[in-house]
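Student: For reference, the structure I am asking about is given below.
The values are calculated or read from the model by the stated rules, or taken from the named source; none is laboratory data. As the structure is a computational prediction, the values presented were derived from the model and not from experiment. Ideal geometry is used to build each Cβ from the backbone, glycine not excepted, and the neighbour counts take in all protein chains shown. Accessible surface areas use protein heavy atoms only, side chains included; no ligands, DNA or RNA. Shrake-Rupley method; radii C 1.70, N 1.55, O 1.52, S 1.80 Å.
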Amino acid sequence: ERLRSHALKPSCSPIAKSACNGTRFHTGTILSLRSSADMTSLIDSALAFMSLVGPSKEIPSDMYSWAHTVTIDCLWFAVGFAIIRIVVLMGIVPESVRKAFKKYSGGPLAASVKRRRIALKTLRADAAAGNMEAVVKSWDKEKNMSGVLPLDALRNVTQALLSLAPERIVTEITLHLEQHAPISEQRSAAIAGVMEELTQAGKPILAEELAAVAREKLSVELDPRSREALIGGFAAAGEEMKVGKLIAEIEATSSMTARGLSLIAKGFMQNNNPIAAARTLLKMQQKNMEVPGRALIELCRVACRAGPEAVRGMLAFIAGKMRLTAEGFGVLLTDCAKREDIGLARYIEKIASQQGECPTYAIYEPLLKLYAKADTERARQLFRDMQADGYWATEGLCGGLLAKCSEVQSMGFAEDIAEYLKVRSMRTLAIYKTLMKVYACCGRFDRACALYGEMLADGLEPDNVMYGCLVKFAAKCGNAQLCQELFDKANSGEVQNYMWMIRAAGHDGNVDSALRCLDRLEEEHGTNLDIAAYNCTLDACMTNGALDKADEVLGKIRRNKGSTNLVTFNTLIKGYCSQNDIPRARKFIDEIFAVGLRPDGASYNCLLGAAVGTGCLDQVWEFLREMEGHKIPLDHYTVSIMMRIAKKAKNPKEAERALAVLDRAKVDVCKDEV
């Protein structure tokens, strides 16, 4: 009754009330405590309950069970803590465990642990910064201190010694482990880590020496993984005989694992030895081990780095023994496309066909790039096959193929690509530009101009550069109306566009229009107008026989530019020669010398052509003597003119005299117009 009345007090918590009411409680009740106030209330109630029952009363058995469990747990915790402290004091536990108990340490041990921790932190920072000299200095201080260095620190030390003093590695590492690593597992892990660093650095001989010394002084035998890594290191160093010997030693007692053979193949690939790597992968296949697809792709990359002959050798070695994937063939063909090696590409394509490999996009793409320049008909067939196989030619691929079409002037293949893009609404401004270039390279300026209407239909607007090109093409194909329309839409301040308008006007015989364009240019640019614009207008006047207008333009050149250049004189010579006024044209040769310039082959070729056209062979030989006297080289135009003389000559002597020029001219008579 007294307990119940105590439980009814407002200050008593629910858990205490439960205890006071005699409710059986156990570990779950203790775990449900929310605050120290609950614990205090529980203890007070329990004490009150025990004082009430007294020694003659029976205490509930659950309370004794709970007290017994707590006591046993505390006892075992104390024993475990004591054991770990003893192990820490003996220095035979890893640094990470010691760090967990550093707050319980005191005296010299705490100071030693703190000093070692700072030293290791400095060593790791120096290694990360590449300061190998500082790492070696830290190693010299720490190698004789108590406790073995962690594995990552030993790796850093190995890297530093490799760069500064590799001869110290074997002796100092083994001595350090012998003095400070009494546990064999520690020694084995450290030796394995150091050997891995040595093999990765291309020092398998040093790693083998370390293994021998560790076996003798530390009684450490290499585990299979370390032995396989060592063989992989010798493979990376190109030691094929050594690799074969070590493999034979292993297979005398056991067999090579897939990991070991993979490491060997990887080593040979690092050494750019595709044949040895292929031999190792073939051995994996013979042992019914799975050869990773990425290993075959890397094998192809290695063969490409080694050169075309290595690719041929690798393909010949695996022929009929191992199947390359489509991705592997794609790697080989992509390399051929970069080097434009069409012969090797045909050989690879043949091997892939014999293997029965269905072409994928990785194969189609490099083949198209190769054949677009070497064999356009084959490229067109491949393009159709790729579509039939369900592969989508990207805009980037089509743009690249169009660019190659412009190089070889393959208009048929370019139109196939253009139609493919048109059907799929993939024609962009960049595609139109490249296609326009194809037509221009093929001399089809009318087709290039026709693209302008198609662009507008697709909702595209040419930029200023493209407008300039279209003005040029319209001028070249004689479409004056389109030329004017495009010129109006283009940036009118571009001198080049004005020049094409002047040429178009000259082509149509509209000299006045050409002069108006020149006047507009002078208004916009003043005296800064380039002399090329004047020369272009002068050519339009001379071509159409407007000699009085040509004199006006020549006067502007001399007033605004101060002097004429060689292009101006050659334009005048060409114009007067076209009018068969050879004496007037000849006077400009003297003017060229008078202003301090020197005539070139074009200057005399105009005179020679006009003289041949009028049948004045005496003038031909006179002009030829002047050219040779002024040491002006005879070009293929000069030789072509001489061939016309030989063709029209009425007696053998004139023909022989003309043909004799071929012996003096350094021109390949089997090229160009000759």
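Student: Can you give the local net charge around residue 416? Use residues other than it whose beta-carbon is closer than 9 angstrom to its beta-carbon, Lys and Arg +1, Asp and Glu -1.
Tutor: Working: positive: 380, 384; negative: 415, 419.
Here the count lands on 0.
Student: While we're on this one: In degrees from 0 to 90, rounded to the nearest 10, what is the angle of the helix 617-629 Cα long axis to the longest principal axis of the chain?
Tutor: 40 degrees
Student: I would also like to ask the following. Add +1 for every Lys or Arg and -1 for every Asp or Glu among the other residues with Cβ under 15 Å from the Cβ of residue 375, and state the total. Present the calculation step by step, with values, prior to reporting the outcome.
Tutor: On the way: positive: 346, 350, 369, 373, 378, 380, 384, 404; negative: 340, 341, 349, 377, 385, 407, 416.
Taking every other residue near residue 375 into account, the sum is +1.
Student: Equivalent ellipsoid semi-axes for the range 301-442, as square roots of 5 times the alpha carbon gyration tensor eigenvalues: give them largest first, rounded to whole Å. Provide the component values of the computation, followed by the final result.
Tutor: Numbers: eigenvalues 179, 49, 27 Å².
Sorted largest first and rounded, they come to 30, 16, 12 Å.
Student: Still on this structure: Taking the Cα centre of each part, how many Å lie between the range 619-671 and the range 212-239?
Tutor: 80 Å
Student: Same structure again: Which length gain, in nm to one decimal place, applies between residue 593 and residue 660 when the Cα-Cα distance is subtracted from 0.36 nm times their residue separation?
Tutor: 21.3 nm
Student: Further question on the same structure: Can you give the net charge of the other residues whose Cβ lies under 15 Å from the Cβ of residue 476, counting K and R as +1 and D and E as -1? Display every interim value, and only then the final one.
Tutor: Values: positive: 437, 444, 447, 472, 503; negative: 446, 508, 539.
The answer is +2.
Student: In a solvent-free Debye calculation with one equal scatterer on each Cα, what is log10 I(q)/I(0) for the range 109-187 at q = 0.13, 0.23, 0.24 Å⁻¹, listed in the order of the q values?
Tutor: Rounded to two decimals, the profile gives -0.37, -1.11, -1.19.
Student: For the range 626-671, rounded, prolate or oblate, judged on the Cα gyration tensor with a ≥ b ≥ c (square roots of eigenvalues), a/c < 1.5 rounded, else prolate if a/b > b/c? Display every interim value, and only then the final one.
Tutor: Details: a/c = 2.20, a/b = 1.44, b/c = 1.53.
Verdict is oblate for the range 626-671.
Student: Compute, for the chain, the length of the dipole vector about the Cα centre, with Cβ point charges of +1 (Lys, Arg) and -1 (Asp, Glu) only. Units Debye, rounded to 20. All intermediate terms of the calculation are to be shown ahead of the outcome.
Tutor: Numbers: 86 positive and 81 negative charges, 458 e Å.
The dipole magnitude comes to about 2200 debye.
Student: Against the longest principal axis of the chain, how steep is helix 36-53, in degrees 0 to 90 to the nearest 10, with axes from Cα atoms?
Tutor: 20 degrees
Student: Right, here's the next one. Over the chain, what percent of the accessible surface lies on carbon and sulfur atoms, probe 1.4 Å? Display every interim value, and only then the final one.
Tutor: Details: 18920 of 35210 Å².
Carbon with sulfur: 54 percent of the solvent-accessible area.
Student: Along the charge dipole of the chain, Cβ charges K/R +1 and D/E -1, which of 543, 425, 195 sits furthest on the positive end?
Tutor: 195
Student: Could I ask something else about it? State, to one decimal in nm, how far the label point of residue 253 lies from the label point of residue 494, with both points 7 Å from Cα in the Cβ direction.
Tutor: It is 8.0 nm.
Student: Would you list which lysines come within 26 Å of residue 373, measuring only between C-alpha atoms, while excluding same-chain residues fewer than 8 positions from it?
Tutor: List returned: 338, 350, 404, 422, 433, 437, 671.
Student: Let me ask you something else. Within the range 351-381, what residues put their amide N at less than 15 Å from the label point 7 Å along the Cα-to-Cβ vector of residue 323?
Tutor: 352-360
Student: Rounded to the nearest 20 debye, what is the charge dipole size of the range 551-667 about its Cα centre when +1 sits on each Lys and Arg Cβ and -1 on each Asp and Glu Cβ? Spell out each step's value before the answer.
Tutor: Numbers: 19 positive and 14 negative charges, 31 e Å.
About 140 debye.
Student: If the chain between residue 567 and residue 381 were fully stretched, how many nm would it gain, using 0.36 nm times the residue separation less the Cα-Cα distance?
Tutor: 62.1 nm
Student: Give me the distance between the Cα centres of the range 293-331 and the range 132-193, rounded to whole Å.
Tutor: Answer, in whole Å: 42.
Student: Go ahead and estimate [θ] at 222 nm for the chain from helices alone: -39,500 (n - 2.57) per DSSP H run with n ≥ 4, summed, over the residue count, rounded to 500.
Tutor: On the way: 38 runs with 505 residues, N = 674.
The helix-only estimate for the chain comes to -24000 deg cm²/dmol at 222 nm.
Student: Same structure, new question: Sticking with the crude label model, points 7 Å out along Cα→Cβ, report the distance from residue 481 to residue 71 in nm, one decimal please.
Tutor: Going from the residue 481 label point to the residue 71 one covers 11.8 nm.
Student: Using a 1.4 Å probe, what is the accessible area per residue for the chain, in Å²?
Tutor: Numbers: 35210 Å² over 674 residues.
With all protein chains present, the chain gives 52 Å² per residue.
Student: Round to the nearest 10 and give me the degree value, 0 to 90, for the angle of helix 293-306's Cα axis relative to the longest principal axis of the chain.
Tutor: Helix 293-306 and the main axis of the chain meet at about 50 degrees.
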